[in-house]
Amino acid sequence: MKLLNKYKKLIIATGISLFLVAFLVIKNNTFIKNLVSIRLSNTLEEATSEPVIAQFSFHPENENKLFSKFYHYRLKLSKSEGITFDQSKINQWKNDTVPLMITVETWGTNAISSYKNNPMTDLVNGYFDDVIKQLCNNLIKDRPHIYFRFNPEVEVPYKLYPWQGYVYEYIKAFEYFAKLCKTYAPQSQIVWGPSGYPGVLEYYPGDAVVDVASIVLKSNSEINLNAYPNDYSTTYDLQRRLHRLRFLDKPIFVFGSKQTPSNLLDNQLVTEISNTIENERHVIYASDNFKRPNPINKNNLEQKLKIGLYDPKNLLNDEKIISVEHLFADFSNLNDGSFQKKFNMVIARNHDVIVTFEPFPQPEKGTDLEVLQHITAGKYDEEINSFYNIILNTKRNVYLRYAHEMEIPITRYPWQSQDPIVYIKSFRYFMTFKAELPATLKRVWGPAGDRGSIEWYPGNDVVDMISIAIYGLPDKNITDPNKQESFKTIFNRKYRRIRFIDKPLFITEFGVKGPEAYQSKWLEAAAKVLKENPQIIGVNYFNMSDTPKAWGNIKPPDWSISKETLHLFYNTLNSD
């Protein structure tokens with residue numbers, strides 16, 4: 001009997017322990033808390049914790065202002081018919097002229113199925129048509145100043161909501177939702193409601209279906225993320241989120257959240273942001289941003305794809321199929337003469353040159369995390385002048401790339417993780433250093449193609465072409481070469497991130513590691529992608545291992561290929 005009681009006590013104690021552990025996990029995990037607390041019943045509820053507090057715009061005719069009053073309700077769609085609501089609340093805004101925001105969210109029939117499946121598919125298949133019709137015809141009717149916001153914070157890489165992380169599915173659902181709302185409530189304005197997180201424009205549904213954009217300050221989805229700084233001042237955080245939407249001429253509403261006090265924004269802050277936009281309107285926030293790119297005409301591009309190498313060991317540079325070589329320049333190898341020596345050797349081989357200028361500070365000046373500002377201030381004018389004198393002393397094409405991969409949120413290079421406005425001004429200063437440039441010098445803007453790269457775009461007038469980097473390894477901790485991504489997968493993802501810019505593309509860095517048979521297969525598939533995309537005018541293979549110091553204790557990947565693999569790649573490119 002004592003033994004039985006002992007087991008009972010043990011079972012009870014174990015049960016209590018498990019309960020406490022579960023409680024703590026739920027308490028400290030936003031996703032699980034959300035999953036447990038979800039109420040799925042087509043209920044129209046006040047969203048008091050997410051007020052609509054301000055409006056900004058990059059279009060000069062739109063007003064930047066605080067909202068004194070703005071109703072905000074949320075409707076979680078889970079059933080195919082019926083809406084539950086508090087009539088007394090509805091009566092408050094039904095015939096009011098105060099703006100009304102209704103955030104509509106797509107959920108499954110229960111919380112688990114919502115995350116397991118994609119409820120936006122139900123929307124596109126017409127499952128929620130009657131609910132939206134009821135909302136518009138019975139509740140909204142002809143009420144003015146009505147805004148419909150669909151599935152917010154979609155771009156944040158945290159699964160707080162079931163629609164997050166989808167791109168094409170989200171855009172398709174947004175288009176369907178917008179059409180429904182305009183059919184039943186034609187006076188309504190459709191709000192694209194991201195958080196304003198890096199990479200936001202990847203999820204933009206298009207000008208034709210968006211009337212208003214919005215952002216969220218310290219959104220619920222970003223609480224547990226460490227990848228993006230959460231200690232920015234309110235002014236800088238708001239400015240960066242707005243800056244990410246500078247290619248839109250729409251009004252941009254600002255939402256608060258549970259993490260923001262009600263008095264977070266004031267007229268002084270609105271004036272400060274407005275002045276920043278106005279001061280930079282001639283370039284960074286120019287109306288040129290609102291123009292959408294036309295399809296690139298292949299007849300206007302160079303007919304023959306340039307094949308190049310970064311080959312510092314000079315293993316394959318003398319192959320006849322090579323027409324361009326890649327060199328890296330900085331203040332040190334400029335001053336000691338080694339860059340000019342290498343440059344002259346490339347020209348002697350009758351090759352064009354990609355020159356990536358890396359603005360590392362001079363060694364005697366130590367670490368300089370403000371090197372971009374110092375370049376713009378003229379502190380390196382003498383060195384930059386010497387650099388131009390070298391690269392302009394040839395009739396060969398020179399593809400000049402400056403301060404590359406600036407958008408990656410690390411500090412491998414001192415110009416990374418900087419304020420986009422600081423970077424843009426430095427890029428423009430460097431690329432306009434000489435008043436007149438020959439047609440043989442092509443100015444290249446060179447992001448890696450990571451999330452949010454378009455934030456750093458310096459302007460059409462100082463960019464002749466864009467470059468991106470495509471390496472098979474999506475993560476440096478992956479050691480199995482078979483787990484590398486295909487060229488096509490990487491290219492499609494990165495190209496989408498720069499789709500607002502109408503410029504030719506030069507892939508100035510790409511490579512794949514692994515056995516020769518694997519490299520050959522990967523490069524054959526890459527060649528087929530290159531043939532299908534006329535905007536790509538050149539590719540440059542990285543024929544060596546990467547810099548060891550960038551990989552810590554992990555052996556750096558070796559991208560080197562054989563002469564046979566290089567020729568296989570070339571022959572595939574030129575096959576019918």
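Are any residues in the range 390-449 within 18 Å of ASP368 (Cβ to Cβ), aliphatic (A, V, I, L, M) and surrounded by fewer than 20 Cβ atoms within 10 Å (Cβ to Cβ), and if so, which ones?
ILE410, VAL422
Of everything in the range 350-382 that's of a type in the set (A, V, I, L, M) and in a helix (DSSP H, G or I), which residue is modelled with the lowest pLDDT?
VAL371
Which one is modelled with the lowest pLDDT among residues in the range 463-500 that are closer than 23 Å to ARG443 by Cα and among the β-branched types (Val, Ile, Thr)?
ILE498
Residue check, SER262 against (1) loosely packed, with under 15 Cβ neighbours inside 10 Å; (2) over 15 Å from VAL52 (Cβ atoms); (3) touching a residue at least 24 places away in the same chain (Cβ under 8 Å), all met but one. Which one?
With respect to (1) loosely packed, with under 15 Cβ neighbours inside 10 Å; (2) over 15 Å from VAL52 (Cβ atoms); (3) touching a residue at least 24 places away in the same chain (Cβ under 8 Å), SER262 is out only on (2).
Of all residues in the range 263-278, count the ones that are of a type outside the set (Gly, Ala, Ser) and in contact with a strand residue (DSSP E or B) (Cβ under 8 Å, 6 or more places away or on another chain).
Here the count works out to 7.
If you go through the range 205-249 one residue at a time, how many are in contact with a strand residue (DSSP E or B) (Cβ under 7 Å, 6 or more places away or on another chain), closer than 18 Å to SER453 by Cβ and free of Cβ contacts under 8 Å to residues at least 60 places away in the same chain?
Total satisfying the criteria: 1.
I'd like the residue in the range 502-535 that is of a type in the set (A, V, I, L, M) and either assigned by TED's automatic domain parsing to the domain that holds PRO205 or buried (at least 17 other Cβ atoms within 10 Å of the Cβ) (or both) and, out of all such residues, is nearest to TYR570 (Cα to Cα).
ALA527
Residue by residue, here is whether (1) closer than 30 Å to ASP464 by Cβ; (2) outside the structural domain of LYS313 (by TED's automatic domain parsing); (3) polar (S, T, N, Q) holds:
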{"site": "ASN540", "(1), (2), (3)": "yes, no, yes"}
{"site": "ILE554", "(1), (2), (3)": "no, no, no"}
{"site": "PRO557", "(1), (2), (3)": "no, no, no"}
{"site": "ILE561", "(1), (2), (3)": "yes, no, no"}
{"site": "LEU568", "(1), (2), (3)": "no, no, no"}
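Got a sec? Which of ILE347, ILE390, ILE424 is within 29 Å of the chain's Cα centre (by Cα), touching a residue at least 12 places away in the same chain (Cβ under 8 Å) and in a helix (DSSP H, G or I)?
ILE424
Could you list, ordered by first residue, the pairs with Cβ atoms under 8 Å in which the first is in the range 160-172 and in the same structural domain as GLU202 (by TED's automatic domain parsing) and closer than 14 Å to LEU201 by Cβ and the second is of a type outside the set (D, E, K, R) and surrounded by fewer than 16 Cβ atoms within 10 Å (Cβ to Cβ), at least 6 apart or interchain?
Going by the 8 Å Cβ cut-off, the qualifying pairs are ILE171/GLY206.
Need the failing condition index for VAL124 against (1) in contact with a strand residue (DSSP E or B) (Cβ under 7 Å, 6 or more places away or on another chain); (2) farther than 23 Å from ILE223 by Cβ, just the number.
(1)
The values are calculated or read from the model by the stated rules, or taken from the named source; none is laboratory data. As the structure is a computational prediction, the values presented were derived from the model and not from experiment. Quick reminder, even Gly has a Cβ in these numbers, built from the backbone with ideal geometry, and neighbours come from all protein chains shown.
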